[in-house]
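Okay, structure first, notes after.
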Amino acid sequence: MIADRKDDHVRHAVNHRRNHSGGNDFDSVAFVHHALAGIDSTDVRLGVDFAGKHWNSPLYVNAMTGGSTNTGEINRQLAIAARETGVPIASGSMSAYFRDPAVAGTFRVLRAENPDGFVLANVNANATLDQVRSAIDLLEADALQIHVNSVQEVVMPEGDRAFAGWPRRIEEIVAGVPVPVIVKEVGFGLSRQTVTWLREVGVAVADVGGRGGTNFARIENDRRAGADFAFIEQWGQSTAACLLDCTGITGIDISASGGIRSPLDMARALALGAKATGVAGAFLETLVDHGTEALVAKITTWLDQLRNIMTVLGATTPAELTGRDVLVTGELAGFCALRGIDVACLAHRSPWWRESNLREGVIHE
């Protein structure tokens, strides 16, 4: 049953986090520290313009779950945390609702507990336009996420095996709904070519959803009787790699999810070009292990700590982080070299570097 699968996903996702070493490609991204670049924290503003709307911060609770009694309760608690902290929240895949309208309440609770918040509905790329519209109506959604997850589907024992129609369906949905559309991967990454195509058909946001966080190939493999798909668990590009791959793309907002473990990872993602950052696994673990109040405290702390990081870096807005010096090393730098991405320039874009070198004659106007 689909409800059992949703419960399995939550159980495996939390267990994997408890046993994970914690490393990912964001560890290969470091800020250059300029000791006199800091500003007053009162001058920092966390607000961003994203998907045609203004958000109070570049953080949102990303798609997780729904479709069973247990996951409905998780959604209720997530919605309360989003309401208390003022961050947007996305539903999990609403495919369970399309198959059984009786589980509508496990998704509707996101709006019931958060009547004034920014809520995103989430559907798969096979959903019909009528299904999509019903999902938006159920949640009174401010935006729509379409998740693309071909790797997860092929590992999932009962998953889909037909993906050729996804591009045409995405185009139909974009043209047929009244809210901004976000297309997101679920942990295997969006390439530059994919994001460029999404922009051309009118998608408002590409959530790169890269490798490094919740691993749905591993989760689905754990659900297989023989666990015979272990070889595919490291498929795809990391979130940091995807952001670098998308450098210079305009006309579409980029968001980062997949392995955002801390406020520092948020700052790294914003510095690499993301306009917003979505978090699922880290928040789910806190909620399951410690409850709603602990999650509210964690989100509040993360936002305060992001402000402090921006204060040290001299960035008054999240967008200004794209002008701060970062060093890209290790395998991530190797990926960039193979994709033709110049990472050396990222280490020399700070106002401090430019002003000091103008004075020394190293560079010239």
For this session: Give me the pairs, please: first residue somewhere in region 334-353 and in a loop (DSSP other than H, G, I, E, B), second residue anywhere and surrounded by fewer than 14 Cβ atoms within 10 Å (Cβ to Cβ), beta-carbon distance under 9 Å, and either six or more positions apart or on two chains.
Result: Val343/Thr329; Val343/Ala337
Seminar exercise, completed: Given (1) closer than 30 Å to His54 by Cα; (2) touching a residue at least 40 places away in the same chain (Cβ under 8 Å); (3) of a type in the set (Phe, Trp, Tyr), Phe216 misses just (1)
For this session: Count, please, the residues in region 255-295 that happen to be assigned to a strand (DSSP E or B) and of a type in the set (S, T, N, Q).
Result: 3
Seminar exercise, completed: Filtering region 211-225 down to residues that are of a type outside the set (A, V, I, L, M, F, W, C), within 14 Å of Gln152 (Cβ to Cβ) and buried (at least 24 other Cβ atoms within 10 Å of the Cβ) yields Arg211, Gly213, Thr214, Asn215, Glu220
Exercise. Any residue at all in region 277-293 that is polar (S, T, N, Q), modelled with pLDDT of 95 or more and open to solvent by 40 Å² or more (accessible area, probe 1.4 Å)?
Worked result: no
Problem set entry | Conditions (1) over 11 Å from the mean Cα position of the chain (by Cα); (2) surrounded by 24 or more Cβ atoms within 10 Å (Cβ to Cβ); (3) of a type outside the set (Val, Ile, Thr); (4) part of a loop (DSSP other than H, G, I, E, B); number of the one not met by Gln234 | (2)
For this session: Would you check if Ala175 is surrounded by fewer than 22 Cβ atoms within 10 Å (Cβ to Cβ) and not in a helix (DSSP H, G or I)?
Result: no
Seminar exercise, completed: Filtering region 250-260 for residues that are surrounded by fewer than 24 Cβ atoms within 10 Å (Cβ to Cβ) and touching a helix residue (DSSP H, G or I) at 6+ places or on another chain (Cβ under 6 Å) leaves a count of 2
For this session: Considering only region 23-133, give the strands (runs of 3 or more DSSP E) lying wholly within it that have at least 1 residues that are open to solvent by less than 10 Å² (accessible area, probe 1.4 Å) and among the polar types (S, T, N, Q).
Result: 119-124
Exercise. Can you spot a residue in region 188-200 that is under 28 Å from Val103 (Cβ atoms) and open to solvent by less than 20 Å² (accessible area, probe 1.4 Å)?
Worked result: yes
For this session: Would you confirm whether any residue within region 334-349 is out of contact with any Gly (no Cβ under 8 Å at 6 or more places or on another chain) and under 23 Å from Gly47 (Cβ atoms)?
Result: no
For this session: Hey, can you tell me all the residues within region 237-254 that are of a type outside the set (Asp, Glu), in contact (Cβ under 8 Å) with a residue 60 or more places away in the chain and assigned to a helix (DSSP H, G or I)?
Result: Thr239, Ala240, Ala241, Leu244
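The values are calculated or read from the model by the stated rules, or taken from the named source; none is laboratory data. Computed from a predicted structure; not experimentally measured. A quick note on method: Cβ atoms are made from the backbone with ideal geometry, for glycine too, and the neighbour counts reach across all protein chains shown. For accessibility, only protein heavy atoms count, side chains too; no ligands or nucleic acids. Shrake-Rupley method; radii C 1.70, N 1.55, O 1.52, S 1.80 Å.
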